[in-house]
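Scroll down for the structure; my scribbles are underneath it.
The values are calculated or read from the model by the stated rules, or taken from the named source; none is laboratory data. Only a predicted model underlies this, so the values are computations on that prediction, with no experimental measurement involved. No Cβ is skipped: glycine too gets one built from the backbone with ideal geometry, and neighbour counts run over all protein chains shown. Side chains included, ligands, DNA and RNA excluded: accessible areas come from the protein's heavy atoms. Shrake-Rupley method; radii C 1.70, N 1.55, O 1.52, S 1.80 Å.
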Amino acid sequence: MRLTLLSVALAYAEIRSIDAACRQLSVQFPNDLFFPNSSNYTAEQTAYWSETTVLTPNCVFRPANAAAVSAGLKIVSKNNSPFAVRSGGHMPVPGAASTDDGVLFAMSAINTKKLVNNNVAQLGPGQSWLTVYSWLSQYDLAVAGGRYAPVGVGGYLLGGGISYFGSEVGWGANNLVNVEVVLADGRIVNANATSNPDLFWALKGGSNNFGIVTRFDIKTFSVPHVYGGNLAYDHTQVSELVDATASFVAPGGGSDDNNAAIVPVVAISPATGAISGSLTMCYRGSDPNPAALANFTKIQAQSSDAGLRTFSDFMTLSSSQGTRGLRWLFRNTGVKVIPGSISLINETFTDYTLSNIKNIESVKGATVMTSIQPITVNWLKAAKAAGGEPIGLDPANGAFIASLVICQWDDASDDDTMNAYATGVVDAIAAAAKKAGADYPFVYLNDAAKGQEVFKYYGGGTSLAKLKAIQRTYDPNGVFKRLEASGFKL
Ligand SMILES: Cc1cc2nc3c(=O)[nH]c(=O)nc-3n(C[C@H](O)[C@H](O)[C@H](O)COP(=O)(O)OP(=O)(O)OC[C@H]3O[C@@H](n4cnc5c(N)ncnc54)[C@H](O)[C@@H]3O)c2cc1C
């Protein structure tokens, strides 16, 4: 009974602290603070990729600049009010970038876009990669951003970043030269190789544990053209797609060419058991027939829009593939590249799904997919050469696959079923990899599911203690730990 009274009292105190923070923000920022039942509130509250992540914050704060973020952070901190931070809203993890109990900082209005010295792009977290790529195309430049262009700049870079250029330039975050960040006490600081270098290191994969980022300065590089496009395969061609993928990742295969990148997907419809395949491929340069992709292009796909085009046109084309507004779930595990890894992933995915299909066959609108994301040795070497980051994977351990399972479905009533399926199938892939000697203890943060432990694998287990120490230095009162208790925490 006393416990119940105590929890009621605590809940009441929390509601009061949130209300106070919302009220004070609305006094100081009357044009940028939105309460429920206003069109601005609804626009920000629903600006998420996956319906699973649309929550109901008590109010939405849309700061116009770093100074406003600083003032807002001081207000939530002083009132002990919980809060969440959202940039592009693409992380399909409920609560990672929104909240049912607190203030939502929506970063949409901080959308700087400036080219400096023709080699660094200054980007606000409110940008999506789509707008960045189309803006940079006038200079024939690109950056190591997302392969699905509507994804936000903010979350992507703070989680590492798998781009089409990783074998040349490492994780997206390895290309940062400076990050402007608002700390828990409201200070606006720059983090780079010489100023707050420990914080700079931590931000390149440390997610939302250190501050609210208001600007990313990232290296640009020349990409006038790519050969790229999207291809679809029917069930009779899936084994050819899997074989081509295996050849691509094998030593001496297409992945040895730093200009080549692929996103192969095998999909199963639980309602019918039908299997199909697809591929998005990208080759940097003007070669209309790249040898690195020949194993794919020789398959007579059911449809293909592959061709030479600007990178921005390619990204616009491939980004029209995704669907917003459904319920989505990502879950992943590392698998070492050894002979047989690719078929192991695909066979385990297919066998597990078909033998558990009774559990998901009646889930409305369901599709389940597996995607192979090759992380090459050259990628890990480039990451290290760029100064490293907390992800800290040793190139000497070889290449690996960030093996991703993606689920989509329609109704909230099926959330538990799909979560259980995703956990089961990814566990099965990890177990099969271990049995085959292909275990690679790593979970990629940006593609992780709620509850997956990501930081314990960083740096082969050595980064977490360092990240926690850096957090204590820059946030001694634990504001980001206590009040922004969502997303991937240390
Ligand atoms: C369809 C789709 C395709 C994808 N493709 C790729 C891909 O090609 N490569 C890849 O690496 N990943 C990819 N992802 C994963 C994506 O990179 C992550 O979900 C990433 O976090 C999204 O960034 P965002 O800004 O949209 O996220 P949000 O959902 O807004 O935020 C994600 C997390 O970052 C924190 N955060 C965001 N902005 C800030 C900030 N300014 N300061 C502090 N914390 C912040 C949030 O609090 C939250 O915890 C894809 C995701 C989807 C849904």
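Summing Lys and Arg as +1 and Asp and Glu as -1 over all other residues whose Cβ lies under 9 Å from the Cβ of GLY124 gives a net charge of +2.
Rg of the Cα atoms in the chain, relative to 2.2 N^0.38 Å, amounts to 0.96. Neighbours of ASP257 by Cβ distance under 12 Å: Lys/Arg scored +1, Asp/Glu scored -1, total -2.
Computed on the stretch 138-183, with alpha-carbon pairs under 8 angstrom and 6+ residues apart, the relative contact order is 34 percent. Compared with the dominant principal axis of the Cα atoms in the chain, helix 2-28 is inclined by about 90°. Radius of gyration over Kirkwood radius for the stretch 276-380, both on Cα atoms: the Rg/Rh ratio is 0.98.
The angle between the Cα long axis of helix 341-355 and the longest principal axis of the Cα atoms of the chain comes to about 70 degrees, rounded to the nearest 10. Exceedance of the 30 Å cut-off in Cα-Cα distance is limited, within the set LYS113/LYS384; LYS74/LYS468; LYS358/LYS481; LYS381/LYS468; LYS364/LYS489; LYS78/LYS489, to LYS358/LYS481; LYS364/LYS489.
Per-residue Karplus couplings for the stretch 67-73, computed as 6.51 cos²θ - 1.76 cosθ + 1.60 with θ equal to phi - 60°, are listed in order as 4, 5, 4, 4, 5, x, 5 Hz, Gly and Pro entered as x.
Each residue of the stretch 309-320 was assigned a 3J(HN,Hα) from its phi angle through the Karplus curve 6.51 cos²θ - 1.76 cosθ + 1.60 (θ = phi - 60°); the sequence is 7, 5, 4, 5, 5, 4, 5, 5, 5, 6, 7, 6 Hz, with glycine and proline shown as x. Computed over the alpha-carbon atoms, the stretch 347-487 gives an Rg to Rh ratio of 1.03, Rh here being the Kirkwood radius from the mean inverse distance. Here, the stretch 1-143 is characterised by an Rg to Rh ratio of 1.07, where Rg is the alpha-carbon radius of gyration and Rh the Kirkwood radius. Counted by Cβ distance under 9 Å from PHE34, the other residues give a net charge of -1, where Lys and Arg count +1 and Asp and Glu count -1. The value obtained for the stretch 226-459, namely the Cα convex hull volume divided by the number of residues, is 127 Å³ per residue. Annotation: lysines with alpha-carbon distance below 24 angstrom to LYS434 (same-chain offsets under eight excluded): LYS336, LYS450, LYS456. Using a probe of 1.4 angstrom and keeping all protein chains present, the accessible surface of the chain works out to 39 square angstrom per residue. Here the Karplus relation 6.51 cos²θ - 1.76 cosθ + 1.60, evaluated at θ = phi - 60°, turns the backbone of the stretch 444-449 into coupling constants of 7, 3, 5, 10, 8, 9 Hz, with x for every Gly and Pro. Rounded to the nearest 10 degrees, what's the angle between the helix 463-474 long axis and the longest principal axis of the chain, both from Cα atoms, 0 to 90? Helix 463-474 sits roughly 30 degrees off the main axis of the chain. Whats the longest run of the chain with zero trypsin sites (Lys or Arg not before Pro) that are DSSP loop and have at most 11 other Cβ atoms within 10 Å? Longest site-free region, per DSSP loop and neighbour criteria: 1-297.
Just to verify a number: FRET efficiency for THR4 and LYS456, C-beta to C-beta distance, R0 = 30 Å, to 0.05? So, using R0 = 30 Å, E works out to roughly 0.30.
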